[in-house]
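Contents: one structure, followed by commentary.
The values are calculated or read from the model by the stated rules, or taken from the named source; none is laboratory data. Quantities reported herein were computed from a predicted structural model and do not represent experimental measurements. Don't worry about glycine lacking a Cβ; one is built from the backbone with ideal geometry, like all the others, and counts go over all protein chains shown.
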Amino acid sequence: MRSLLTILALWCAGLGAAAQFGKISVAYQALGAAYPAGAGVWIGLMVSIVGMVGLVLGTTAGLVVARVGARRAILVALVLGAMVSLVESVLPPYPLMMLARVLEGASHLAIVVVGPTAIAAAAPPHRQGVALTLWSSFFGLTYAVLAWVGPGILESSGIAGLFRLHALWLLACAAALWPLMPGDVKPALVTGQGGILAQHWQIYASPFIAAPATGFVCYTVTYVAVLTLLPAALGRWGHFAGVAMPLVSIGVSLTLGVWLLGRVAAVRLVEAGFAVASVAALGIWVCWGQDVVIGAALLLAASLGIVQGASFSSIPQLNPRPQDRARAAGAIAQLGNLGTTTGTPLLAFLMQKAGVSGLALFLIGFSLLGLGIHLIQGRRRLTFG
């Protein structure tokens, strides 16, 4: 029971971390009115700067967590996140608001690095796949919930009410995790030699530590971009696709994905997900303009959901040492933010220049790249070290 409660509390912390992005997205128009001089691109920067922190410091965060321990790192991150959200609720001047968002980026990064590491430690070995697949749903589920309840909160309580509720959520997660996470969750010191740059090199040179992240970046490049741009291009199917695609992705990951993880190695499941995604993308290309295209779009969402859950599950399967799991989670945070930052503008450019052909080539290209990277990393693992 303690293990289950710890996993659920960590997952709730992940929901709070995703809301560090989502609360700005759902309040986008209201923030534009509150900061008229910063409307448009500057409010957009308010969303993305949290991810930029992860892009720059993701792997460093993994190294820090490996040294200070998961319990200490996540408790500090949750309290910091709550304090920052309370400061943001008073809508300080724009430069101070952006400074608060940078601090929130540090809080977010620590939570998403500790989350899969601590869940892998808390879950029994035969339940790690289920637990980490649940963790992988935190981002999409948070956005879906905020899209549903966020407008009502804004209407009744304004931006301040939304941000204060977020702060209370993070504090509640910290209070729950304080007694649940034992001291033995803290990993041993990292054994890699050299400074920060040398340890970064050790992470990305390892086909065990780096493999989950080097495939995950191909997922994040496509997933966020497709959910952002594809529905608007699907005409009368657009609204349905915008709601159904993230729900199908999460649902398939938590059902079929979990069932398959009990029978197939996580890396093989990632490879299969990328292969099916490339076929689905080809189907979107061939069926474009026909009603059947929505089936191909939902198949794409389902296959990417499989990739999502299996990528996190591959961390403990490939890395038995807790400190290596922390470093692998840091690499996922770093390269994942690289994908979410670059994917949407790249796909928008390709669709503007080449229409559905640009969309299909983007999806097929990154799906096959993700598959190829994992195949290469698998061959390297046979002779590494």
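Structure data summary
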read-out	value
Residues being under 16 Å from residue 50 (Cβ atoms) and either out of contact with any Leu (no Cβ under 6 Å at 6 or more places or on another chain) or not β-branched (Val, Ile, Thr) (or both) - total across region 82-93	5
Some residue of region 264-277 being outside the structural domain of residue 147 (by TED's automatic domain parsing), without any contact (Cβ under 8 Å) to a residue 40 or more places away in the chain and within 24 Å of residue 334 (Cβ to Cβ)	yes
Residue match in region 65-76 (condition: in contact (Cβ under 8 Å) with a residue 40 or more places away in the chain, crowded, with 22+ Cβ neighbours inside 10 Å and under 19 Å from residue 335 (Cα atoms))	yes
Every residue from region 257-267 that is out of contact with any helix residue (DSSP H, G or I) (no Cβ under 7 Å at 6 or more places or on another chain) and either on the phi > 0 side of the Ramachandran plot or in a helix (DSSP H, G or I) (or both)	259
Residue that is assigned to a helix (DSSP H, G or I) and in contact (Cβ under 8 Å) with a residue 24 or more places away in the chain, where the choices are 86, 91	86
Single unsatisfied condition, residue 91 versus (1) more than 17 Å from the chain's Cα centre (by Cα); (2) under 25 Å from residue 46 (Cβ atoms); (3) buried (at least 18 other Cβ atoms within 10 Å of the Cβ)	(3)
Residue tally, condition more than 16 Å from residue 355 (Cβ to Cβ) and either part of a loop (DSSP other than H, G, I, E, B) or not small (Gly, Ala, Ser) (or both), over region 268-301	13
Number of the condition not met by residue 344 [criteria: (1) over 28 Å from residue 71 (Cβ atoms); (2) of a type in the set (Ser, Thr, Tyr); (3) buried (at least 24 other Cβ atoms within 10 Å of the Cβ)]	(3)
